[in-house]
1. Please tell me if T47 is modelled with pLDDT under 95 and under 10 Å from the mean Cα position of the chain (by Cα).
2. Which of the residues spanning segment 24-38 are more than 10 Å from C65 (Cα to Cα) and surrounded by 12 or more Cβ atoms within 10 Å (Cβ to Cβ)?
Amino acid sequence: MKKTALLIIAAAGSIAAITAASAQTGPVAEACNDDIAKYCADKSHGTGEIRDCLEENKEKVTDACKTALETTGGGQGQGQGNQQ
């Protein structure tokens, strides 16, 4: 019984994490959704890791994603993690 309860709790936590990650909104999240999945799937949302990853892969991302990166965020085109 305890093992089943632990599995249910773990599954609920995983679902909550997936829901939180997919709930990210904004120009970059929308324009770069496929690029995030392709290049930055292992990065955390809400920490600047996604933005930094996209900036590092800017030459590979879609044109729409590049435009969103260049027109939004910290210093526009510099990403949150690169602010001084």
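The values are calculated or read from the model by the stated rules, or taken from the named source; none is laboratory data. No experiment lies behind these values; they were computed from the predicted model shown. A quick note on method: Cβ atoms are made from the backbone with ideal geometry, for glycine too, and the neighbour counts reach across all protein chains shown.
1. Numbers: modelled with pLDDT under 95: yes; under 10 Å from the mean Cα position of the chain (by Cα): yes.
So T47 fits the description; yes.
2. Going through segment 24-38, the residues more than 10 Å from C65 (Cα to Cα) turn out to be 24-26, 37-38.
Those that are more than 10 Å from C65 (Cα to Cα) and surrounded by 12 or more Cβ atoms within 10 Å (Cβ to Cβ): Q24, K38.
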